[in-house]
Amino acid sequence: MLNSSKIEGVILKRSNLGEADKIIIFFSRQLGKTKVLAKGVRRIRSRRAPDLELFNHVSLVVHHSKTFNLVTEAKTINNYSLLKSDLKSSGYLFYLCEVLDKILPEDQPHPDLFGNFLAFLNSPLNQDGVKRFVVELLWSLGYLPRGQYPRAGVTDLVESIVERPIRSKKFLEEI
């Protein structure tokens, strides 16, 4: 593997590490769902901080090491500000990113799924579209036979697969 590579992806989740670092989980065409370490990104003067916000479609330069992959550069391709400014759309984004984070295996590329996800993000978000996307996700990952729909709710099936609750579903029910 190369020492560093340029990777395009969507940020699914972030968590703090230490005083100034963040662990970023993103979904890319090349790597699938993967974790990277963004050192110093929580500092006030960090140039990369605005690019590493949730739901951003970004281009990252990642340095590959034995312990952790490090983000050395970040550039926003699309920040989906219109989706983020709408409460209902934000709820759908949180839900989709949580489902993708919990159901996708790490470091296994799914180029078609990534393309579908980007196309979905560039279309108007609504409840039926979100359900349809999750069902297609279950079809493409082999959790549900193609053409079949879950008997219970879509979220209930996802929760039974990952054996963990989807926390953002409660938020979606309230808005």
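Structure values in brief
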| read-out | value |
| --- | --- |
| Modelled FRET efficiency - R0 25 Å, residue 161 with residue 30, Cβ distances, 0.05 increments | 0.50 |
| Charge context of residue 128, other residues only, Cβ under 14 angstrom, K/R +1, D/E -1 | +2 |
| Cα-based Rg and Dmax for region 4-78, where Dmax is the largest Cα-Cα distance (Å) | 11.0, 31 |
| Shape of the chain, Cα gyration tensor, a/c cut at 1.5 | prolate |
| Integer Hz, Karplus 6.51/-1.76/1.60 couplings in order for region 10-27, x for Gly and Pro | 10, 7, 9, 7, 9, 9, 6, 9, x, 8, 10, 10, 9, 9, 10, 10, 9, 10 |
| Total formal charge among the other residues, if their Cβ is under 15 angstrom from that of residue 103, Lys/Arg +1 and Asp/Glu -1 | -1 |
| Straight-distance crosslink candidates among aspartates and glutamates, where the alpha carbon sits under 18 Å from residue 102 and sequence neighbours closer than 8 are dropped | 136, 156, 159, 163 |
| Order by protection proxy (mean Cβ within 10 Å, highest first), peptides 60-70, 85-95 | 85-95, 60-70 |
| CD proxy at 222 nm, helix term only [per DSSP H run n ≥ 4: -39500 (n - 2.57); per residue of the chain; nearest 500] | -11000 deg cm²/dmol |
| Residue exposure sequence - 161, 25 - by fewest surrounding Cβ within 10 Å | 161, 25 |
| 9 Å beta-carbon shell around residue 42, net charge (K/R +1, D/E -1) | 0 |
| Exposure proxy ranking, count of Cβ atoms within 10 Å, fewest first, for 159, 53 | 53, 159 |
| Across 66/131; 33/88; 6/169; 13/131; 66/88, pairs whose alpha-carbon gap is larger than 32 Å | 66/131; 6/169; 66/88 |
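Here, each number is a calculation from the coordinates, and none is a lab measurement. Please read all numbers here as calculations on a predicted model, not as lab measurements. Heads up, the Cβs are rebuilt from the backbone with ideal geometry, glycines too, and the neighbour counts pull from every protein chain shown.
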